[in-house]
1. Within segment 15-36, count every residue that is in contact with a helix residue (DSSP H, G or I) (Cβ under 9 Å, 6 or more places away or on another chain), assigned to a loop (DSSP other than H, G, I, E, B) and of a type outside the set (A, V, I, L, M).
2. Return the residues of segment 1-28 that are open to solvent by less than 30 Å² (accessible area, probe 1.4 Å) and of a type in the set (S, T, N, Q); say none if nothing qualifies.
3. Test each condition in (1) touching a Lys or Arg at 6+ places or on another chain (Cβ under 9 Å); (2) at pLDDT below 95; (3) among the basic types (K, R); (4) closer than 23 Å to N30 by Cα for K134 and report the one that comes out false.
4. Run down E121, E24 and say which single residue is among the charged types (D, E, K, R), at pLDDT 95 or above and over 27 Å from G13 (Cα atoms).
5. If I filter segment 88-98 for residues that are under 18 Å from the mean Cα position of the chain (by Cα) and either of a type outside the set (A, V, I, L, M) or surrounded by fewer than 17 Cβ atoms within 10 Å (Cβ to Cβ) (or both), do I get at least one hit?
6. For the subset of segment 121-148 comprising residues that are basic (K, R) and in contact (Cβ under 8 Å) with a residue 12 or more places away in the chain, which member is least open to solvent (accessible area, probe 1.4 Å)?
7. Quick one: how many residues across segment 1-58 are of a type in the set (D, E), over 15 Å from A142 (Cβ atoms) and touching a residue at least 12 places away in the same chain (Cβ under 8 Å)?
8. Which one of these is under 30 Å from A198 (Cα atoms) and of a type in the set (A, V, I, L, M, F, W, C): I107, I94?
Amino acid sequence: MKTVFVRPELCIGCRHCEVACAVEHAENKNILGAVTEKKKSQPRIFVETGPGYKTFPNRCRHCDPAPCMQVCPTGALVRDNASGSVGMAYARCIGCAVCAMACPFGIIRFGPVRQLDTDREVNAKCDNCLERQKEGLIPACAWACKTGALEFGDANDLVRTSRKDFTTRLVLAEGKGAEVTALPPNIRAFRAIMEELAGL
């Protein structure tokens with residue numbers, strides 16, 4: 001299964017992923033038009049800030065089995081067999097929020113969506129940008145991420161690369177202390193500024 005792999009150590013909290021996600025789910029798919037639409041498109045990925053201004057891009061993991069799918073009383077959450085992504089049949093959603101309670105990652109948000117003729121609030125979760133994938137494009141959040149914090153690809157390949165990176169850092173450390181994530185200079189500089197601002 002192809003997925004978006006999160007490397008939180010590379011996230012600088014720029015929120016480009018959130019903007020790209022909101023624009024992708026807008027009716028006209030451009031930033032200027034998105035802000036003037038009656039039903040404002042909301043991001044389906046959330047960049048949260050923790051201690052020391054460290055940030056984490058939180059998005060749907062399209063779990064298998066998916067707790068949200070298991071508890072939905074109307075069958076509104078459906079799995080796309082080709083991609084393995086969990087999507088929404090918006091017309092079936094009754095807004096009961098049982099899926100939000102079951103989600104272990106807290107990523108489900110309710111709101112009006114352009115796919116419905118009413119302003120009724122429904123589960124507007126990440127759909128893994130299936131329309132983009134069918135066109136040979138990667139999900140909008142990963143496309144917009146300029147630091148590599150969000151990477152799209154085969155889950156096993158991404159995990160294998162991450163494991164190899166970790167092993168390389170650990171071996172090169174030669175017992176010099178705790179393993180340290182090798183961050184690019186620009187992200188190290190950004191983190192230093194944010195830690196100084198936080199008084200750490």
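The values are calculated or read from the model by the stated rules, or taken from the named source; none is laboratory data. Note that the structure is predicted; figures quoted are calculated from it, not measured. All Cβ positions, glycine included, derive from the backbone under ideal geometry; neighbour counts span all protein chains shown. Surface accessibility is based on the protein's heavy atoms, side chains included, excluding ligands, DNA and RNA. Shrake-Rupley method; radii C 1.70, N 1.55, O 1.52, S 1.80 Å.
1. 5
2. Hit for segment 1-28 is T3, nothing else.
3. K134 satisfies every listed condition except (1).
4. Unique residue meeting the criteria: E121.
5. No, segment 88-98 contains no residue that is under 18 Å from the mean Cα position of the chain (by Cα) and either of a type outside the set (A, V, I, L, M) or surrounded by fewer than 17 Cβ atoms within 10 Å (Cβ to Cβ) (or both).
6. For segment 121-148, the residue satisfying everything is K125.
7. Total satisfying the criteria: 3.
8. Step by step, each of I107, I94 is checked, and only I107 is under 30 Å from A198 (Cα atoms) and of a type in the set (A, V, I, L, M, F, W, C).
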